[in-house]
Each structure stands twice: as structure tokens, then as C-alpha cells.
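Bear in mind these aren't lab numbers, they're just calculated from the coordinates by the rules spelled out. As the structure is a prediction and not an experimental result, all values here were calculated from the model.
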Amino acid sequence: MATSCKRIPPGYYGVGGTPATRTAVEQCGAGYACPGSAGGRIRCDGVSTWQDALNATECKPVSLCAAGEFASEDVSATSDR
């Protein structure tokens with residue numbers, strides 16, 4: 001019986017087995033980016049990037065304060081200021 005290989009779709013990452021023999025996929029959670037294929041799951045650092053959505057393919061850049069402004073809250077991997 002032949003095995004059919006499927007590409008890991010954007011917004012998901014491979015689990016089980018080894019990087020060459022993944023057995024399933026899981027949804028990318030908040031705080032992570034999952035570009036699909038062999039890209040794996042990339043953690044948004046919570047300093048310069050963040051992500052609040054599920055199935056994201058990239059992290060969002062943190063918004064910067066303009067001159068004369070300050071950040072009233074800290075950034076995290078799942079929230080901007």
C-alpha cells in the first residue's frame with residue numbers, strides 16, 4: 001500500500017515522527033507563526049513581534065510610540081501595547 005505525502009498547509013505545523021516523517025498537523029496558536037511546509041512553528045518574541053490570531057503565517061511587528069508618547073502596557077507574544 002502506497003503512502004500519500006501531503007504538504008503542511010500555511011497556519012499549521014507538523015507533529016509526530018521526525019521532520020522528514022511527520023504524522024499529523026496541528027493548528028498554529030496565538031503567539032506563534034506557522035508558514036507551512038517545513039517552516040515549523042516560530043514563536044513571536046513578545047519584544048518586537050506578536051500575534052493574537054490562530055493559524056497565522058507570520059508575526060506582527062510591535063507598534064512603536066511616537067515622539068512624546070509612552071507605552072502604557074508591556075508587549076507580549078500574544079498582544080501589542
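Hey, what's the Kirkwood Rh for the chain if you take every pair of different alpha carbons, in angstrom?
Values: mean 1/r = 0.0719 Å⁻¹.
About 13.9 Å for the chain.
Pull up all non-local amide H partners of TYR32: gap of 5 or more, or a different chain, and H-to-H distance under 5 Å with H placed in the peptide plane.
Placed amide hydrogens put CYS44 under 5 Å from TYR32.
Near the amide H of THR78, under 5 Å away, which other amide H atoms are found, from residues 5 or more places off or on another chain, if H is placed in the peptide plane?
GLN51
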